[in-house]
Amino acid sequence: MRNQLIIFSKNRSCQLHLLLESIEKNSNNIFDVIFVIYTYTTKEYFEGYDKLILRFPNVSFIVEDDFYNNTMDSVNSGFEYTTFMVDDMIFYKKLESTMEDIKGVFDISEKPISCFSLRLGMNCNYSHPANLSYKLGNHEKIGNFNIVNVREQKGDFAYPLSVDGHIFKTDFIKKCLHKIGRFSNPNTLESKLQNLMGMINPNMVFLDESVIVGVPVNLVNDTHKNRQGIRFPFSENDLNIRYKNNEVIDYISMDFSNINGPHKEIEYKLKKYGISTR
């Protein structure tokens with residue numbers, strides 16, 4: 001099999017619902033299987049996930065008991081490729097490429113590739129976590145995609161070992177995971193991966209325009225104080241209450257008109273589950 005998607009989630013069943021809905025809508029079936037490793041801090045959040053699990057029967061849900069072991073066990077060598085995401089991401093745009101197209105660029109490139117990014121494109125020039133504007137440096141066309149040497153880039157284009165929508169060869173990412181030792185959450189996982197930057201091949205492939213974006217309206221980890229909720233704060237507790245009351249975030253209402261980086265605050269509007277606002 002080709003590509004497994006592993007999603008990390010904590011206390012955010014409402015936001016995860018939106019991600020899974022957008023995958024069904026826009027991912028062009030590039031994922032053969034989807035695994036969600038999830039955790040919750042109270043009974044109320046568990047009830048949100050309980051509702052979510054019933055709504056997405058084709059997704060495999062794994063209750064976290066040891067984040068490191070759960071992640072290592074989920075990276076299955078039976079899949080040629082592995083993709084990671086976190087639960088506040090959205091497939092905001094239709095992916096026109098197929099998994100065969102993506103696999104092809106790994107195979108035909110004269111330069112060894114570390115990853116294929118779904119979160120980067122020519123439209124990206126701003127890092128929300130760093131509050132930093134940047135410009136894409138030298139890059140080349142490779143078929144219908146683009147390739148850069150990450151060591152010559154700035155901002156998000158210098159960050160290939162992300163767990164926000166990068167596709168890796170499974171053998172490669174498994175070796176990376178074994179090298180970095182234990183990690184306790186997605187943030188420490190990603191931070192530790194950066195220690196390998198000098199050891200990986202520096203070539204990353206990306207799209208003309210990104211297709212996924214993270215929407216940082218709240219914070220659920222206690223190790224990294226990422227920027228969030230600057231313009232449109234919405235607590236995970238309030239979203240969970242609304243979700244348990246059969247409300248979901250309305251994908252159609254979201255303004256994706258100016259995505260300029262892998263993370264962007266976008267206002268959430270909610271609707272009753274199953275009611276279209278088209």
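With a Förster radius of 25 Å applied to the C-beta separation of LYS111 and GLU209, the computed FRET efficiency comes to 0.65. Suppose R0 equals 25 Å; then what is the FRET efficiency for ARG151 and MET122 from their Cβ-Cβ distance, rounded to the nearest 0.05? E(calc), rounded to 0.05, equals 0.80.
What residues from the range 131-155 fall in the zone where the backbone N is under 16 Å from a label point 7 Å along the Cα-to-C-beta line of ASN201? 140, 142-143, 146-151, by backbone N distance to the label point.
Summary value for the chain: 24 percent relative contact order, contacts being C-alpha pairs under 8 angstrom separated by 6+ residues. Annotation: aspartates and glutamates with alpha-carbon distance below 14 angstrom to LYS169 (same-chain offsets under eight excluded): GLU80, GLU100, ASP107. Loop-located chymotrypsin sites (Phe, Trp or Tyr not before Pro) in the range 164-209 (DSSP state other than H, G, I, E, B) with a sparse environment of at most 12 neighbouring Cβ atoms within 10 Å are absent.
Cross-link list LYS43/LYS271; LYS10/LYS135; LYS94/LYS174; LYS10/LYS111: which exceed 26 angstrom alpha carbon to alpha carbon? All intermediate terms of the calculation are to be shown ahead of the outcome.
On the way: LYS43/LYS271 24 Å; LYS10/LYS135 33 Å; LYS94/LYS174 29 Å; LYS10/LYS111 37 Å.
Violating the 26 Å limit, Cα to Cα: LYS10/LYS135; LYS94/LYS174; LYS10/LYS111.
Residues of the chain: accessible area per residue at 1.4 Å, in Å²? Can you show the working numbers first?
On the way: 12260 Å² over 278 residues.
Each residue of the chain exposes 44 Å² on average to a 1.4 Å probe.
Is the shape of the range 31-96 rounded, prolate or oblate, going by the alpha carbon gyration tensor and its root eigenvalues a ≥ b ≥ c, with a/c under 1.5 for rounded and a/b larger than b/c for prolate? Walk me through the numbers before you get to the answer.
On the way: a/c = 1.93, a/b = 1.22, b/c = 1.58.
It is oblate, given that a/c is not under 1.5 and a/b is not larger than b/c.
In plain terms, the chain from ASN246 to ARG55 could stretch by 67.6 nm, reckoned as 0.36 nm per residue minus the Cα-Cα distance.
Between Rg and the Kirkwood Rh of the range 97-227, both from Cα atoms, what is the Rg to Rh ratio?
Working: Rg = 14.7 Å, Rh = 15.5 Å.
Across the range 97-227, the Cα-based Rg/Rh ratio is 0.95.
Per-atom-type breakdown for the chain gives carbon and sulfur 47% of the accessible area (1.4 Å probe, protein chains only).
Here the chain is treated as a Stokes sphere of Kirkwood radius computed over C-alpha pairs; at 4 °C and 1.567 mPa s its diffusion coefficient rounds to 68 µm²/s.
Applying a DSSP loop filter and a limit of 16 other Cβ atoms within 10 Å to the trypsin sites (Lys or Arg not before Pro) in the range 108-179 leaves LYS135, LYS154.
3J(HN,Hα) along the range 254-268, derived from phi through the Karplus expression 6.51 cos²θ - 1.76 cosθ + 1.60 where θ = phi - 60°, amounts to 7, 9, 9, 6, 9, 6, 10, x, x, 10, 7, 6, 10, 5, 8 Hz, with x in place of Gly and Pro.
Restricting the calculation to Cα atoms, the range 1-153 yields a radius of gyration followed by a Dmax of 17.2, 52 Å.
Can you give the longest run of the chain that contains no GluC sites (Glu not before Pro) sitting in a DSSP loop with at most 13 other Cβ atoms inside 10 Å?
Numbers: sites that count: GLU96, GLU110, GLU209, GLU267.
In short, 111-208.
Net length available on complete extension from VAL63 to LYS43 is 5.8 nm, with 0.36 nm assigned per residue and the Cα-Cα distance removed.
For ASN29 and LYS141, a Förster radius of 30 Å and the Cβ-Cβ distance give a FRET efficiency of 0.70, rounded to the nearest 0.05.
The values are calculated or read from the model by the stated rules, or taken from the named source; none is laboratory data. Note that this is a predicted model, so its numbers are computed, not measured. FYI the Cβ positions are ideal-geometry reconstructions off the backbone, even for glycines, and counts take in every protein chain you see. Note: areas computed on protein heavy atoms with side chains; ligands, DNA, RNA excluded. Shrake-Rupley method; radii C 1.70, N 1.55, O 1.52, S 1.80 Å.
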